[in-house]
Amino acid sequence: MGMRFVWPFGKSEQCFEVPDHLLLETVEGERVPALPDLRASMKEALRCPIASPPLAELLRPGDRVTLVTPDHHRMWQKVSTWLPMLLGELNRAGVGDRDIEILVACGTHQGLSYAQLCELLGERLLRRVRVSVHDARDPGQLVRLGESAAGTPIYLNRLALSGRKVILTGGIVPHAFAGYGGGRKAVVPGISGMPTILANHRLALNPRPGGGIHPRAVPGSLDGNPVSEDMEDIASRLSPAFLVNLVLSEEGDFLGVF
């Protein structure tokens with residue numbers, strides 16, 4: 001008979017079966033209860049963060065803020081659900097909407113249409129603050145910041161520089177060769193230029209001839225992972241002011257805010 005799997009695919013699903021003779025082992029994560037109150041959890045995370053002063057203490061009226069958010073390829077993070085909560089905390093700290101810019105981190109993905117932006121952020125948010133879409137192939141959007149310790153040329157979106165305070169957002173998920181998503185991945189590949197992304201991802205290859213994939217560039221591996229360590233190095237050059245990451249279940253329920 002085999003085992004039947006259902007896989008999310010765009011806005012729909014795809015089904016497939018794996019024959020019994022190919023099934024070695026099925027690994028499933030433990031069920032974690034959804035947050036009972038996302039707004040309360042977001043408020044707690046912003047006002048009692050990990051290894052940082054509260055967000056409001058890092059900002060002053062008149063500060064220009066760039067909010068880096070995921071693109072529509074990562075819709076499972078339901079950006080329009082939690083981003084207004086973050087904007088409200090910025091307003092509470094004295095930062096007006098006119099000083100806030102949302103930078104959609106597309107990485108190498110194709111840019112978003114207005115309809116896709118509406119789906120991602122909601123029309124109300126589009127009317128409220130300025131929104132820009134990162135294009136890794138547009139030299140006019142990029143600033144060169146030298147090279148990383150691994151020799152990766154660093155090109156970052158200028159909206160994350162020029163004295164702006166940068167807040168990174170995203171989701172924490174296993175990643176095929178960066179170990180985990182989240183954190184520094186909002187910078188690389190999120191708002192990096194194509195030369196930066198290609199050079200960074202090339203580090204997933206074993207430098208030995210015919211060596212295949214680097215043994216540490218695998219899911220769940222961070223220490224000694226050359227891709228992740230290069231991402232961290234590049235993100236540190238940006239020196240973001242704050243980070244908001246979320247964890248979701250397979251069903252799309254919010255499990256944690258960090």
Once both label points are put 7 Å beyond Cα along the C-beta direction, the K11-E250 separation in nm becomes 2.4 nm
Dipole size in debye (nearest 20) for region 1-86 around its Cα centre, Lys and Arg Cβ +1, Asp and Glu Cβ -1?
560 debye
Please give the charge dipole size of region 118-258, origin at the Cα centre, charges +1 on K and R Cβ atoms and -1 on D and E Cβ atoms. Round to the nearest 20 debye.
580 debye
Of the listed values (1) 38, 19, 17; (2) 31, 25, 18; (3) 34, 22, 18, identify the label whose number matches semi-axes √(5λ) of the Cα gyration tensor in Å calculated from this model.
(2)
How large is Rg/Rh for region 71-192, to two decimals, with Cα atoms and a Kirkwood Rh?
0.96
Cβ-defined net charge surrounding D63, 9 Å radius [Lys, Arg +1; Asp, Glu -1]
+3
Please report Rg (one decimal) and Dmax (integer) in Å for the Cα set of region 166-213.
12.4, 40
In deg cm²/dmol, rounded to the nearest 500, the helical mean residue ellipticity at 222 nm of the chain, built from -39500 (n - 2.57) for every DSSP H run of length 4 or more, is -7000 deg cm²/dmol
Residues I213 and A149, FRET efficiency given R0 of 22 Å [Cβ-Cβ distance, rounded to 0.05]
0.55
Spin-label proximity, C118 to region 77-93 - amide N less than 18 Å from point 7 Å beyond Cα toward beta carbon
79-81
Can you list which of the DSSP-assigned H helices in the chain have a Cα extent of 24 Å or more along the long axis and an average Kyte-Doolittle score of at least 1.6?
none
Taking only protein heavy atoms into account and a 1.4 Å probe, give the accessible area per residue of region 75-193 in Å².
42 Å²
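Could you work out the mean projected area of the convex hull around the alpha carbons of region 1-141, in square nanometres to one decimal?
Result: a mean projected hull area of 12.7 nm².
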Where Cα atoms sit under 21 Å apart: lysine pairs in the chain separated by 8 or more or lying on different chains
5
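Longest span of the chain, sites excluded, free of GluC sites (Glu not before Pro) in DSSP loop with at most 13 other C-beta atoms within 10 Å?
On the way: sites that count: E25, E28, E30, E250, E251.
No qualifying site falls inside 31-249, the longest such stretch.
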For region 174-258, what is the Kirkwood estimate of the hydrodynamic radius, computed as the reciprocal of the mean inverse distance between distinct Cα atoms, to one decimal in Å?
13.8 Å
Taking the dipole of region 1-58 about the Cα centre (Lys, Arg +1; Asp, Glu -1; charges at Cβ), the one of H21, F9, S41 that reaches farthest to the positive side is S41
Extension reserve of the E30-R202 stretch, reckoned as 0.36 nm per residue once the Cα distance is removed:
58.6 nm
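If you put +1 on each Lys and Arg Cβ and -1 on each Asp and Glu Cβ, how big is the dipole of region 28-181 around its Cα centre, in Debye rounded to 20?
The calculated dipole for region 28-181 is roughly 420 debye.
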Spin-label pair C48/R237, simplified geometry with 7 Å Cα→Cβ offset, distance in nm:
3.8 nm
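The values are calculated or read from the model by the stated rules, or taken from the named source; none is laboratory data. Everything numeric here is computed off the predicted structure, so don't read it as measured data. Please note: Cβ atoms are built from the backbone with ideal geometry, for glycine as well, and neighbour counts cover all protein chains shown. When the accessible area is computed, the model is the full protein with side chains, heavy atoms only, and any ligands, DNA or RNA have been set aside. Shrake-Rupley method; radii C 1.70, N 1.55, O 1.52, S 1.80 Å.
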